[in-house]
1. What value, in deg cm²/dmol to 500, does the helix sum -39500 (n - 2.57) over DSSP H runs of n ≥ 4 give at 222 nm once divided by the residues of the chain?
2. Taking 10 °C and 1.306 mPa s as the conditions, I'd like the Stokes-Einstein D for segment 66-206 in µm²/s, using the Kirkwood hydrodynamic radius from alpha carbon pairs.
3. Where does each of 268-274, 122-128 land if you order them by average Cβ count within 10 Å, highest first?
4. Gain in length, Ala92 to Thr17, computed as 0.36 nm per residue apart minus the alpha-carbon separation, to one decimal in nm?
5. Roughly what % antiparallel, to the nearest 5, for the DSSP beta bridges in segment 192-345?
6. Using a cut-off of 9 Å between beta-carbons, work out the net charge of the residues near Arg41 (Lys and Arg +1, Asp and Glu -1, Arg41 not included).
7. Using 25 Å as the Cα-Cα cut-off, could you pick out the over-long pairs in Lys206/Lys255; Lys32/Lys60; Lys236/Lys289?
8. Going by average Cβ neighbours within 10 Å, how do the peptides 341-349, 45-53, 166-174 rank, with the highest at the top?
Amino acid sequence: MAEDVVTNTGIAHHGATRLPSVEVDSFNVELKDDEGFLGDRASKGAFRKILDDLRRPLKKNGDDPLGKKSADEIAKGELDEALVGDDVGAAALVHGAIEEFAQELAYVTRRFLKTKAWADTERIVVGGGFRQSRVGEIAIARTDLILKGEEFEVDLLPIRFHPDDAGLIGTLHLAPSWIFEGHDSILAVDIGGTNIRCGIVETRWKQAPDLSKADVWRSELWRHADDEPTREGAVKRLVKMLKDLIAAAEVEGLKLAPFIGIACPGVIDEDGSIEKGAQNLPGNWESSKFNLPASLVEAIPKIGTHDTAVLMHNDGVVQGLSEVPFMQDVERWGVLTIGTGLGNARFTNRRKDDGKDEKKAKKGR
């Protein structure tokens, strides 16, 4: 019964290729070479491994300027400080790792650009946790220079919003525009292999109908990896987080839309089930008996006086969607998210049919 509610809301299908502003040409593509999945060569873990490999011969002589910690134990902020600190050896190490990683990211990006789905891509935004550091920004800029030096006509740049916010703000672009006319905010969920983040996103639609001024009003973070819950326990905690946010919105006087947008790892089927790619989530989320959108509708059947609608899409897609307002000067663009793996999605902007072309045609007769 709950499944019927989810799939008959009048909203787009889960994991849809046709969204209000874009066509999703591809997402969650898993390219391989002789060494395995290409995404593993340009992940957050890959950068840390490169750094440790550069440090290994220095450790034998006790000359490692970054100390005894493994790269996994060194915070992003510490690496950023090493770049600009007085210890030129530490700075050189980090710069060396950035260069090697940029070469790997350029190789992987090149492979994407050569696929049919990514043909004619004009711009790529890079998100994920790695982007939120000076090290990440330099690696992205260096990759951009490498590709330009090879005469690829594509711009590579960091995603505009903080990656934590981008995963929530992007859910606005899953919703049909009529949602925004009577409401000023929506509920958003960003599910990851370590964290689940829920938030209320203010649309600020009256200030900017293209949603360029959207902002996260409030968010809650749960590191589920620390608690190691069951799948049912994770859903229960997620529902509580959402209900707490609904209560907070009521106190604040926000006009919360009856819509929950979800960003989730993996390949999302039309009915809201997850085909593959959810192996890092607590429990088996790929089971044919599990449907997260249906579970949320069952637990939160109404928001305000209206029936709840839920729409779920791949997390890389959703993070990329946060850039829609700023991609109107190109036609085809993509997103790469550097985290535990390498998320990816390619978009083509949908033409805004406002009748102008028809008027031009009549005028030319």
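1. Here the helix-only value at 222 nm equals -11000 deg cm²/dmol.
2. Diffusion coefficient, whole number: 90 µm²/s.
3. 122-128, 268-274
4. Gain on extension, Ala92 to Thr17, equals 22.6 nm.
5. 70
6. -4
7. The answer is Lys32/Lys60.
8. Answer by packing, highest mean first, reads 166-174, 341-349, 45-53.
The values are calculated or read from the model by the stated rules, or taken from the named source; none is laboratory data. These numbers come from a predicted model, not from an experiment. Quick reminder, even Gly has a Cβ in these numbers, built from the backbone with ideal geometry, and neighbours come from all protein chains shown. All accessible areas refer to the heavy atoms of the entire protein, side chains included, with ligands and DNA or RNA removed. Shrake-Rupley method; radii C 1.70, N 1.55, O 1.52, S 1.80 Å.
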